[in-house]
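Below you will find the structure I want to go over with you.
The values are calculated or read from the model by the stated rules, or taken from the named source; none is laboratory data. Worth saying up front: this structure is predicted, and the values here are computed from it rather than measured. Quick reminder, even Gly has a Cβ in these numbers, built from the backbone with ideal geometry, and neighbours come from all protein chains shown.
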Amino acid sequence: MNVSGFTIIKNAIINGYPIVEAITSLLPVVDEMIVLVGDCDDDTIGLIEAIGDPKIKIHHSVWDKNLRKGGTVLAVETDKAFKLIDPDSTWAFYIQADEVIHEKYYDAIRKGCEQYKDDKSVQGLLFKYLHFYGTYDYVGDSRKWYSKEVRIVRNDKSIQSYKDAQGFRIGNTKLNVKPIDAYVYHYGWVKSPEQMMKKRKNIGLLWHTDEEAQSFSDLPDYFDFNDFDSLAKFTETHPSVIMKKVSARTWNVELDITKKKLSAKNLVLYYIEKLTGIRLFDFKNYKIIK
């Protein structure tokens, strides 16, 4: 049984993506790591090459500027990367440029891949999520943050990235998946207020036309992290590969997490989830099989 890792990246330095940490966190559990690098305005290629691991296979792509609506270009590029993996691999492990895997979950990941490798009814493996916000000290705990998503899929090229590459489907059909006891640590919202706004403006170009993007110039230079609905304090450990970034943080954001800015309906659902562990009426981009 072989497992291939794959990811896409463009302008990692400009937008402050922890792509090195994302890739490095997968290397212990994959047999190859496909990195599809878009047409960059920075030295993203040099960043990836400097990792220096023989498992990494760098490929090049040009992002289609006509596929910006809804982030479609992200799914197209993800599908390109998926097609590049070794056809003999059983599983394909997808990681986004701002996601990192904690080493404490490696055994669970290997176990899941091995357990279901011959069960063709299992089309993917489902991970739980932690979404960090502002700094490495806070996680989003409201319903606006997806709690689970598929990150390992069977090496079946009928499987495709869905919408803006959050998950996968076969056409419009959701994948049949098994959950595993492992988390993805999502750091996309962990940046200085200045870098966060810079990234927001840049990434917005993937969802909007040139005309629509003109309004971005009216946005302030700093992102206001106080615009959240619910957060919790993170008190556990971060993946070892990202600890250098955690220690080197140069900004501080103090947020009053005692305030819950939720509608009455979502407040009730929030406390039901906290008491029972069940998220009622949650959208699921997959089908969990028994």
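Is segment 52-62 home to any residue that is touching a residue at least 24 places away in the same chain (Cβ under 8 Å), assigned to a strand (DSSP E or B), crowded, with 22+ Cβ neighbours inside 10 Å and touching a strand residue (DSSP E or B) at 6+ places or on another chain (Cβ under 8 Å)?
no
Now a separate question. Residue under question is Asp164, and the condition is that it be more than 19 Å from Glu77 (Cβ to Cβ), in contact with a Ser or Thr (Cβ under 8 Å, 6 or more places away or on another chain) and acidic (Asp, Glu); does it hold?
No.
Okay, moving on. So, in segment 155-186, exactly how many residues are acidic (Asp, Glu) and in contact with a strand residue (DSSP E or B) (Cβ under 9 Å, 6 or more places away or on another chain)?
The total comes to 2.
When you go through Gln195, Gln166, Gln96 one by one, which is the residue that is under 13 Å from the mean Cα position of the chain (by Cα) and within 28 Å of Asn252 (Cβ to Cβ)?
The unique qualifying residue is Gln96.
Only one of these is within 30 Å of Thr209 (Cβ to Cβ) and surrounded by 15 or more Cβ atoms within 10 Å (Cβ to Cβ): Thr44, Thr90. Name it.
Thr44
Name the single residue, out of those in segment 76-87 being in a loop (DSSP other than H, G, I, E, B) and within 20 Å of the chain's Cα centre (by Cα), that is surrounded by the most Cβ atoms within 10 Å (Cβ to Cβ).
Selected residue: Ile85.
Considering each residue of segment 185-209, count those that are in contact with a helix residue (DSSP H, G or I) (Cβ under 9 Å, 6 or more places away or on another chain) and either within 19 Å of Arg68 (Cβ to Cβ) or part of a helix (DSSP H, G or I) (or both), and give that number.
14
Determine if segment 224-243 includes at least one residue that is modelled with pLDDT under 95 and small (Gly, Ala, Ser).
no
Here's something else I'd like to know. Take Phe127 and decide whether it is in contact with an Asp or Glu (Cβ under 8 Å, 6 or more places away or on another chain) and either within 27 Å of His60 (Cβ to Cβ) or at pLDDT 95 or above (or both).
yes
Do you know which residues across segment 197-219 are at pLDDT 75 or above and among the acidic types (Asp, Glu)?
Result: Asp218, single match.
Can you name every residue in segment 224-257 that is within 27 Å of Tyr183 (Cα to Cα), free of Cβ contacts under 8 Å to residues at least 40 places away in the same chain and not in a helix (DSSP H, G or I)?
Once the filter is applied, which keeps residues that are within 27 Å of Tyr183 (Cα to Cα), free of Cβ contacts under 8 Å to residues at least 40 places away in the same chain and not in a helix (DSSP H, G or I), segment 224-257 yields Asn226, Asp227, Thr235, Glu236, Ala248, Glu254, Asp256.
Can you tell me which of Val100, Val20, Val73 is crowded, with 21+ Cβ neighbours inside 10 Å and out of contact with any strand residue (DSSP E or B) (no Cβ under 8 Å at 6 or more places or on another chain)?
Val73
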